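The values are calculated or read from the model by the stated rules, or taken from the named source; none is laboratory data. Not measured: the values here are computed from a predicted model. Positions of Cβ are backbone-derived with ideal geometry, glycine not excepted, and every protein chain shown enters the neighbour counts. Only protein heavy atoms, including side chains, enter the accessible area calculation; ligands, DNA and RNA are left aside. Shrake-Rupley method; radii C 1.70, N 1.55, O 1.52, S 1.80 Å.
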Amino acid sequence: MWWDERVSARFRRNLQPTLTYWSVFFSFGLCIAFLGPTLLDLRCQTQSSLSQITWVFFSQQFCLLLGSCLGGVFKRTLAQSLFALFASSLAISLVFAIIPLCHNVVVLAVVMAVAGLAMGCIDTISNMQLVKIYQKDSAIFLQALHFFVGFGALLSPLIADPFLSDTNCILSNSTANASRNLPHIRKSLLPHHPGNLSHYDLPMKGMVVTHVSYAFWIMALINLPVPIAVFFLLYKERMVPCCNGSSHPLLSADELAMEARPGDKDELSTAVQRPQAARGHEDLFSCCQSKNFRGASYAYFAVHITGALVLFMTDGIVGEYSGFIYSYAVEEPLSVVHKVAGYLPSLFWGFITLGRLISIPVSYRMKPATMVFINVVGVLVTFLLLLIFSSSVVFLFVGTASLGLFLSSTFPSMLAYTEDILQYKGCATTVLVTGAGIGEMVLQLLVGSIIHEQGSYSFLVCGMIFGGLAFTFYAFLLFFHRMYPKPSSDLDATSPDKPAVTEDNGLYQR
């Protein structure tokens, strides 16, 4: 195997929980990407206007952000985390099954809000639990985790595509002109930005003819094994109420000693005996309590803030680029035909998924800090070249693929790097997940408003600015990393900045 025996042993010992968290993130990806392609059919189902149906986007994104903030509430015990994941993944299956029954846009928005809360909890808890299990070795497993969300995001539009309406799915006397523009409208729909589509006459009354319900029921069935997998993990750990009992450790003492690095054995024996009362990985509101700030240095806060700002920018770029690349391509000066331009978002997400797959072995050989540096520099250079060759359709496709590759591993690499700096204390996972979610929502809305006022060329200018800011914030993070207190036996044990000994033992903690 391309990794060493120690990491391989930890993976084998934690195989079931690791695969479970990966499958839950597949559920997250399945849910995050289906709404865009199916939104016009859902508009027909609810007989609503374009401006009304885009509120469904907002309800999902806002509650996803809220769920990410609150996800850390369930970290206090393994049982709480697993029950939250079970409820969230089951909720996603139920949402897929219920969506075809929603014939009112308000009801649909509420259902999607529930899905958003479930997705936010999955995002925070899955990242937290993998970091807890693997700690210093978590980078490779986080890369795999985010590959599965990309895989799910690629699969759900493919499932939906055969069931999407080729003509307007509300039959009336005025459907002919709108039907010819239906693919263009579908690719251009974004949260709160249907203004450039308002001149298309889409009827709201008439006979509804759509088969998109079958796509949702298929996705509900595909997702159903995920909550079942979480339930089996709960059962194995004897956390199901009807099967109470003490759970045996996944590693015996002898196996634990063999798996530990030679230099860590004395440290490990202390860690195993110490109760697991380490503070950290709280929900966002608990993180902001003043009692958690007492005695902490400015570098402690700076690492959290700069790490979150890097992901605010990079995840914001993912949201705004995937959302507006089609609209940019069909406008002058490129004037790409609608059908060809429609491949750009798929190309972007395809290379994000490919990049995450490639990053799994690469992250074992390369430090997370180096990977983030390559990512942010690559994003900046790609946007610069896109601006230079802004009249080239060929380079637009090349640049889109390149941008997807460089953005693919930024989040898991930044999470692993920041957690390493903080020695798995603080609130890095919650803060970074929240910062990324805010960036994806805010920058998409900001860029949409700028494009509306300044024209399509500002799309690349905004990307260049965001890439430059991401690089700047990363430079600050490197500076604060140097300032942050390093583990040392000379540090006073009562110092709030002293990194506690990490439980790097491969044991799946309860």
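Taking the Cβ-Cβ separation of GLU332 and VAL381 as r and a Förster radius of 30 Å, what is the calculated FRET efficiency to the nearest 0.05?
It comes out at approximately 0.70.
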Cα-centre dipole for region 296-486 with unit charges at Cβ (Lys and Arg positive, Asp and Glu negative), debye to 20: 660 debye
Average accessible surface area per residue within region 296-486, 1.4 Å rolling probe, Å²: 38 Å²
Relative contact order %, region 296-486, counting alpha carbon pairs below 8 Å whose residues are six or more apart: 44 percent
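With a Förster radius of 45 Å, plug the Cβ-Cβ distance of TRP217 and GLN454 into 1/(1 + (r/R0)^6) and report the FRET value to the nearest 0.05. Could you put the intermediate results ahead of the total?
Details: r = 43 Å, r/R0 = 0.96.
Rounded to the nearest 0.05, the efficiency is 0.55.
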Cα gyration tensor category, rounded, prolate or oblate, for region 341-385 with a/c compared to 1.5: oblate
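If I take R0 = 35 Å and measure r between the Cβ atoms of VAL398 and ASP161 in this structure, what FRET efficiency does the formula 1/(1 + (r/R0)^6) give, to the nearest 0.05? Could you put the intermediate results ahead of the total?
Numbers: r = 25 Å, r/R0 = 0.72.
FRET efficiency, VAL398 to ASP161: 0.90.
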Highest to lowest packing among 9-21, 83-95, 101-113, scored as the average C-beta count within 10 Å: 83-95, 9-21, 101-113
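Considering only protein heavy atoms and a 1.4 Å probe, what is the carbon-and-sulfur percentage of the accessible area of region 296-486?
Whole-percent figure for carbon plus sulfur exposure: 72.
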Virtual spin-label span in nm between MET483 and THR77, 7 Å along Cα→Cβ: 4.0 nm
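Extension gain THR370-GLN16, at 0.36 nm per residue separation less the Cα-Cα distance, in nm? Present the calculation step by step, with values, prior to reporting the outcome.
Numbers: separation 354, 0.36 × 354 = 127.44 nm, distance 3.02 nm.
The THR370-GLN16 span can extend by a further 124.4 nm.
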In order through region 78-94: 3J(HN,Hα) via Karplus (6.51 cos²θ - 1.76 cosθ + 1.60), integer Hz, x for Gly, Pro: 4, 4, 4, 4, 5, 5, 5, 5, 4, 5, 5, 5, 5, 4, 5, 4, 5
Semi-axis lengths, Å, region 296-486, gyration tensor of Cα atoms, sqrt of 5 times eigenvalues: 31, 17, 13
Rounded to whole Hz, the Karplus (6.51, -1.76, 1.60) HN-Hα couplings of region 356-364, x for glycine and proline: 5, 5, 5, 5, 4, x, 5, 5, 6
Positive-pole candidate from PHE397, GLY435, VAL381, dipole of region 333-443, charges at beta carbon: PHE397
